[in-house]
Amino acid sequence: MDDIGDLPRFELTRLDAPGAADDGADVVAGLGAPRKSLPCRYFYDARGSELFERICATPEYYPTRTERAILEACAGDIAEATGAAELVELGSGSARKTRLLLEAYSARAPEVHFAPIDVSGDMLVESARELIAHYDDLTIRGIAGTYEDALAALHPAPDDRRMFLFLGSTIGNFTDDERGAFLARIRAAMAPGDFFLLGFDRVKDAGILHAAYNDAEGATAAFNRNILAHLNARFHGDFRPGRFRHVALWNGYESRIEIYLESDRAQAARLDDLDLDASFEAGERIHTEISRKFEPDALAAELARLGFARRAEWTDACGWFSLMLFGRGEAA
């Protein structure tokens with residue numbers, strides 16, 4: 001456990017995560033496959049994080065502001081539904097939206113306990129510094145590591161119960177198998193009386209979805225291409241991002257947006273540190289991300305089979321986005 005001497009009421013546990021070693025094996029596998037792909041984790045270098053903030057501010061990209069509006073309207077109801085609980089957030093990042101929940105819990109309890117989980121220890125320290133300065137009644141025990149390792153390393157709950165948070169519609173970035181495994185780990189970490197609050201984007205008009213991932217400003221296109229710039233910097237490569245087109249398509253059969261980089265010509269690129277040469281035909285695509293959209297009842301049924309019991313749901317006036325609260329039920 002790290003000692004952050006200038007931050008009272010904050011502890012940070014850094015976990016070794018050998019399975020997450022950045023050796024580029026996932027890049028080699030993805031670019032060597034018949035249908036090329038890249039792991040979406042390479043989106044988030046400093047430039048990628050900046051571009052994602054720009055995406056969230058575009059008129060077309062509704063998820064971030066819609067989820068925030070739901071929390072602004074319903075955070076008090078959420079706190080009331082769970083009672084005092086330690087908030088355990090997976091992928092907490094800057095915890096900006098989470099502050100709305102912290103405010104609601106702070107209004108109902110003399111102490112508030114927050115356990116943010118993120119792969120970036122530096123991000124946890126940065127966000128904790130802001131939160132501790134703002135909330136006199138807040139204690140933070142951060143864990144830097146993978147979701148799997150961090151859930152296994154949770155300290156005993158200081159309150160009678162916990163509420164696990166997974167906000168931001170990130171659940172839509174998992175494949176079906178990945179989503180099932182992730183949710184099963186959360187269910188295994190829950191004790192009787194615990195809760196799970198899940199943010200997810202709902203199925204809606206294809207035109208709205210297409211616009212959200214093809215904004216007129218081009219922020220999403222720049223974010224997508226930046227994955228190649230990140231690979232160049234990380235592994236000493238010579239990709240030319242400007243020679244790849246951003247493609248985002250709605251797959252109605254799978255209820256998901258699929259995002260690609262499409263080569264605009266026959267070309268080749270090399271990543272020296274990985275001893276990897278990749279060639280592309282004109283029009284060949286690299287799959288970089290999916291963003292699944294859900295029907296609430298179908299998603300609740302999926303979670304019920306994994307041992308979650310649906311308790312409540314909050315949505316916006318348009319029915320575009322939802323926060324769904326689950327308790328610990330019995331697996332089917």
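Quick note: the coordinates plus some simple rules give every number you see, no bench work behind them. Predicted model, so just to flag it, every value in this text is computed and none were measured. When we count neighbours, we look across all protein chains shown, and the Cβ atoms used for this are built from the backbone with ideal geometry, even at glycine.
In the chain, the C-alpha radius of gyration followed by the widest Cα-Cα span (Dmax) gives 20.5, 63 angstrom. According to the calculation over all Cα-Cα pairs in the range 1-142, the P(r) per 5 Å bin from zero is 2, 8, 15, 17, 17, 15, 13, 8, 4, 2, 1, 0 %. Short-range pairs are left out: with C-alpha atoms under 8 Å and at least six residues apart, the relative contact order of the chain is 20 percent.
If you find the alpha carbon centre of the range 294-319 and of the range 110-142, how far apart are they in angstrom? Their Cα centres are 29 Å away from one another.
Each DSSP beta bridge with both residues in the chain is either parallel or antiparallel, and the antiparallel ones are about 60%. Can you list which of the trypsin sites (Lys or Arg not before Pro) found in the range 7-78 are DSSP loop residues with at most 14 other C-beta atoms within 10 Å? Passing both the DSSP loop test and the Cβ count: 35. The chymotrypsin sites (Phe, Trp or Tyr not before Pro) of the range 248-327 that DSSP puts in a loop, and whose beta carbon has at most 11 other beta carbons within 10 Å, are 253. At 0.890 mPa s and 25 °C, plugging the Kirkwood radius over alpha-carbon pairs of the range 172-253 into Stokes-Einstein gives what diffusion coefficient in µm²/s? Rounded, D is 150 µm²/s. By the equivalent-ellipsoid construction on the alpha carbon gyration tensor, the range 229-332 comes out with semi-axes of 41, 17, 12 Å, ordered largest to smallest.
For the range 240-298, the alpha carbon positions stretch 48, 24, 16 Å along the principal axes, listed from largest to smallest. Our summary of shape: the Cα atoms of the range 79-148 have principal axis extents of 30, 26, 18 Å, ordered from largest down, in whole angstrom.
Place +1 on the Cβ of every Lys and Arg and -1 on the Cβ of every Asp and Glu in the chain, take the dipole about the Cα centre, and give the residue among 208, 104, 85 whose Cα lies farthest towards its positive end. With unit charges placed on the Cβ atoms, the residue in question is 208.
Taking every DSSP helix (H) stretch of at least 4 residues in the chain, weighting each as -39,500 (n - 2.57) and dividing the sum by the residue count yields a mean residue ellipticity at 222 nm of -11000 deg cm²/dmol.
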